[in-house]
Amino acid sequence: MAIREKLSGNEAVAVAMRQINPGVVAAFPITPSTEVPQYFSSFVNNGQVDTEFVPVESEHSAMSACIGASAAGVRAMTATSANGLALMWEMLYIAASSRLPIVMATVNRALSGPINIHNDHADSMGARDSGWIQIYGENNQEAYDNEIMAVKIGEHQDVLLPVMNCYDGFITSHAIENIDLIEDDIVKNFVGNYKAEHYLLNPKQAIAVGPLDLPNYYFEHKRNQVEGMRKAKQVILEVSAEFEKVTGRKYGLFEEYMMDDAERAIVLIGSTAGTAKAVVDELRAKGEKVGLIKVRVFRPFPAEEMAAALANCKVVAIMDKCDGFNGKGAPLFNEVCSAMYFDENKPFVVNYIYGLGGRDVRVDDIEKVYNDLTEIVSCGKVDDPYRYLGVVDANC
């Protein structure tokens, strides 16, 4: 039987980590992810896990310690946000290219500057091509579930890549919600024991981790890394199906909400999906054919599946909680457009940048987007595909 609890997203993730009982957790505190290692350190102190907890002086060192631990052959985990993730930048690439299945709770926060501690997706989206798998959750339950599944996904022999479990700072990390926990023994059985095939502390096989890689071999090694990311898509689906058998909770690459006959659709990531679903319900009650796609897996991006899900729409709004600074759309917008590029019958598309620095996203904001989509269908064209939602200055 599931264990019914009331937990914040951060505490739920820390509980998942306790149930997983990794070999090493290294962390440096940064808002709003601080609570994850804080809660977990209490489990260490209470003897509820036998994890080696390594408090370090910076996020760069936290990831370095996780890389060392994972390379040595043990399961390693951490958590960070925003500027902490930025300070890890160099080590993110090393973790991925060394094929180390580290799991990191990435509690999304605006990336300075100016200094802002509230939620948007600038931090993880900036690291989208660092070689890490990225899975996003809408609420506390998904943050907890994704943390558990991330371990099994990253450690799969066809993948062997690090995984970010991303969820929205303060909105998900600190808000308390009802949540169904899995029994400890079931979690342990689900993730299993980590058995690295190649590791530094194996006396029978000497290996080098992160060596000099000259032009003779570098290209092939990067190509092999890409193949692990490509295979991750199927592994994510397999692990999600196994998780559903254990919990009854179904996960895919993205969630389709009222999309069967949708003519106008929104595509977005994270906690805003809850607000958008409420608007979809209201408009559906009025007979309007609207729908929503909530992206769960951003890396690897489910391009073919996304194109198929949007194929029958007349117009699609892609909503990004960060900007791209290229003048031509933000990350999710560009990925979705790329996914649909080869389709003969493509819907109209428009990009909305929203919620930067924690700006509130209300029901009427989402209603405005759907109303704008109605106007686009009526006009038969998109006048301005790059838009900002909720900006006070009308000139922006």
Using only the alpha-carbon atoms, how far is helix 35-45 inclined from the longest principal axis of the chain? Give it as 0 to 90 degrees, nearest 10.
30
Where does helix 140-154 land angle-wise versus the long Cα axis of the chain, in degrees 0 to 90, nearest 10?
60
Helix 363-379 versus the longest principal axis of the chain: what angle, 0 to 90°, nearest 10, using Cα atoms?
50
Can you tell me the relative contact order of the chain? Whole percent, Cα pairs under 8 Å, sequence separation 6 or more.
15
Summed residue charge, Cβ within 14 Å of Ser97's Cβ, Lys/Arg positive, Asp/Glu negative:
-2
Starting with the highest mean, order 316-323, 159-166 by the number of other Cβ atoms within 10 Å, averaged over the residues of each peptide.
159-166, 316-323
Chymotrypsin sites (Phe, Trp or Tyr not before Pro) restricted to DSSP loop in the stretch 277-349 with at most 12 other C-beta within 10 Å
Phe325, Tyr341, Phe342
Hey, can you find the accessible area per residue of the chain for me, probe 1.4 Å, expressed in square angstrom?
44
In terms of Cα to Cα distance under 20 Å, which lysines are near enough to Lys346, apart from those fewer than 8 places away along the same chain?
Lys289, Lys294, Lys314, Lys328, Lys381
The distance between the Cα centres of the stretch 229-252 and the stretch 285-314, in whole Å, is 19
Ranking by accessible area, most exposed first, for Trp132, Trp89 with a 1.4 Å probe
Trp89, Trp132
Among bridges DSSP assigns within the chain, what percent are antiparallel (round to 5)?
25
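I'd like the Kirkwood hydrodynamic radius of the chain, using the inverse of the mean 1/r over distinct C-alpha pairs, in Å. Walk me through the intermediate numbers first.
Numbers: mean 1/r = 0.0464 Å⁻¹.
Across the chain, the inverse of the average 1/r is 21.6 Å.
Accessible area of the stretch 243-392 with a 1.4 Å probe: how many percent of it is carbon plus sulfur?
Details: 3310 of 6920 Å².
The C+S portion of the solvent-accessible surface of the stretch 243-392 is 48 percent.
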Name the most mobile residue of Gly358, Gly248, Gly228, meaning the one with the largest mean-square fluctuation, in a Gaussian network model of the chain with Cα contacts below 10 Å.
Gly248
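Of Cys66, Cys379, which has the most accessible area and how do the rest follow, probe 1.4 Å? Before the final figure, lay out each step's value.
Values: Cys66 0, Cys379 75 Å².
Descending order: Cys379, Cys66.
The values are calculated or read from the model by the stated rules, or taken from the named source; none is laboratory data. These figures come from a predicted structure and were not determined experimentally. When we count neighbours, we look across all protein chains shown, and the Cβ atoms used for this are built from the backbone with ideal geometry, even at glycine. All accessible areas refer to the heavy atoms of the entire protein, side chains included, with ligands and DNA or RNA removed. Shrake-Rupley method; radii C 1.70, N 1.55, O 1.52, S 1.80 Å.
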